[in-house]
Amino acid sequence: MNRMILSILICLLTINGYSQHGVKFLEGDLQSALNVARQQKKMVFVDVYTSWCGPCRWMSEEVLQTPEVATYFDKHFVCFKIDAEKGDGVEFAKKYDVHAYPTFLMFLPDGTLQHKVVGADTLKLFIPRVERGLKERTSWKYLMEKYVKGTLQKREIPVAIQVFEEAHMKKEVKGLTDSLFQLLSPKEKLNERYWVVYEQLKYGDLFTPRFKFFVENRAKIAGKGRETGSFEIIRTMLFDHLINNTTGRITSKENPWNCGEANEMPYMRSLIEISDLPDKAFFLAWCDVASACYFGQADQVKKSINKIATFPEAEQYGRTFVWAYKQYFPDEEDKLESLREVWNLKGNE
């Protein structure tokens, strides 16, 4: 009798699937989906969304709407959707610590949370993230248990960093990348196997030995395969800090971002000097602009912005430089207009 009821339930749930061509999401609740999963010997895939979330709609209406992806998910999962802000979804989101949308959770048939992926992505990137949850040793559950116990092996840490990053566990990712870098020998630090410790460099890592080592050894670490990406990591770090100094977010009185000395320019200059950036002259010129703004030196602001206007690389940051010039010389409309023309800007900043 129970088997008959369950079979009818499965049929009803399937009829109410989400899409004729895409991934089918069952109606009901998690327990119903788990019951179906146990019978079909699959895992449960849960899409946690909100009605206002654009990336959630994009995933449901675009990424998960092809016959190929439907076949893949039907092979491995019983799929279920829940609105985190309605009905049982509120308690569900709280229970499974869901704070960003969309969040995708994967459960074993016994109800154990196996894997977690946060955020929207293209199908090409999304499927590998899901697949990590299908294998025990690359699943969030397995790696999290070892992380909590402090038993992660050095060879497992890069995978844990990747999985935790995909679950938006920023604190854990930061801790693991720092600890892994310290564990590596000088030779291992140059090995592409540990690229992840540099790929995860963030704003607050400016003064860390990890970032300095990366700048000094970029070519060896990245090789030819990651040349573009490695330069972008350095440029992004420099840009983020330089723009905060240029726009007054960091001043001679304080650094509200709590990541080192308030006057970052001397250290940043030293990093740029030892780097192999092809556009290092431009970034050094930007240091002059940022230093002048940091100390509130109007004459130097004018001089340094006039100089940086000669660099073609400055065009993509032109709005920042015009904004800075305007703070000190708001009445020099002719000069401001000429700077806008140099950097192909229209209108006010």
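The values are calculated or read from the model by the stated rules, or taken from the named source; none is laboratory data. Quantities reported herein were computed from a predicted structural model and do not represent experimental measurements. Cβ placement follows ideal geometry from the backbone for every residue including glycine, while neighbour counts extend to all protein chains displayed. Protein only, heavy atoms only, side chains kept; ligands, DNA and RNA dropped before computing areas. Shrake-Rupley method; radii C 1.70, N 1.55, O 1.52, S 1.80 Å.
Overview of values
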read-out: Some residue of the stretch 49-68 being farther than 18 Å from E131 by Cα and of a type in the set (A, V, I, L, M); value: no
read-out: Search result, residues across the stretch 169-198 that are surrounded by fewer than 17 Cβ atoms within 10 Å (Cβ to Cβ) and among the charged types (D, E, K, R); value: K170, K171, K174, D178, K187, E188, E192, R193
read-out: The one condition in (1) modelled with pLDDT of 95 or more; (2) under 15 Å from V130 (Cβ atoms) that D83 fails to fulfil; value: (2)
read-out: Failed criterion for A160 (all others in (1) open to solvent by 60 Å² or more (accessible area, probe 1.4 Å); (2) under 20 Å from the mean Cα position of the chain (by Cα); (3) modelled with pLDDT of 95 or more hold); value: (1)
read-out: Residues within the stretch 54-70 that are over 20 Å from H99 (Cβ atoms) and without any contact (Cβ under 8 Å) to a residue 24 or more places away in the chain, tallied; value: 3
read-out: Qualifying residues in the stretch 147-157 (those that are closer than 27 Å to Y96 by Cβ and not charged (D, E, K, R)) - the one least open to solvent (accessible area, probe 1.4 Å); value: I157
read-out: Considering residues of the stretch 225-234 that are surrounded by 17 or more Cβ atoms within 10 Å (Cβ to Cβ) and of a type outside the set (A, V, I, L, M, F, W, C) only, the residue farthest from F282 (Cα to Cα); value: R226
read-out: Residue in the stretch 223-232 that is modelled with pLDDT of 95 or more and either polar (S, T, N, Q) or farther than 23 Å from N191 by Cα (or both) present; value: yes
read-out: Of residues in the stretch 65-103 being among the aliphatic types (A, V, I, L, M) and under 17 Å from E166 (Cβ atoms), the one nearest to the chain's Cα centre (by Cα); value: A100
read-out: Output for the stretch 111-146, where each listed residue is among the hydroxyl-bearing types (S, T, Y) and open to solvent by 30 Å² or more (accessible area, probe 1.4 Å); value: T112, T122, T138, Y142
read-out: Single residue of D83, D29 found to be in contact with a strand residue (DSSP E or B) (Cβ under 9 Å, 6 or more places away or on another chain), open to solvent by 10 Å² or more (accessible area, probe 1.4 Å) and within 22 Å of A100 (Cβ to Cβ); value: D83
read-out: Scan of the stretch 202-224 for residues that are part of a loop (DSSP other than H, G, I, E, B), open to solvent by 20 Å² or more (accessible area, probe 1.4 Å) and in contact (Cβ under 8 Å) with a residue 24 or more places away in the chain, ordered by number; value: K202, F207, T208, N217, G223
read-out: Residues within the stretch 299-336 that are open to solvent by less than 80 Å² (accessible area, probe 1.4 Å) and either part of a loop (DSSP other than H, G, I, E, B) or not small (G, A, S) (or both), tallied; value: 20
read-out: Those residues of the stretch 261-298 which are open to solvent by less than 50 Å² (accessible area, probe 1.4 Å) and part of a loop (DSSP other than H, G, I, E, B), in sequence order; value: A262, E264, S275, L277, D279, G296
read-out: Pair list, Cβ under 7 Å, 6 or more apart: the stretch 236-253 residue closer than 24 Å to F214 by Cβ and open to solvent by less than 10 Å² (accessible area, probe 1.4 Å), other residue modelled with pLDDT of 95 or more and among the polar types (S, T, N, Q); value: T246/T320
read-out: Residue satisfying all of: in the stretch 60-80; among the polar types (S, T, N, Q) and either farther than 16 Å from I127 by Cα or surrounded by fewer than 16 Cβ atoms within 10 Å (Cβ to Cβ) (or both); modelled with the highest pLDDT among these; value: T71
read-out: Tabulated pairs, the stretch 37-53, first within 21 Å of D83 (Cβ to Cβ) and open to solvent by 10 Å² or more (accessible area, probe 1.4 Å), second β-branched (V, I, T) and modelled with pLDDT of 95 or more, C-beta under 8 angstrom, 6+ apart or interchain; value: Y49/I82
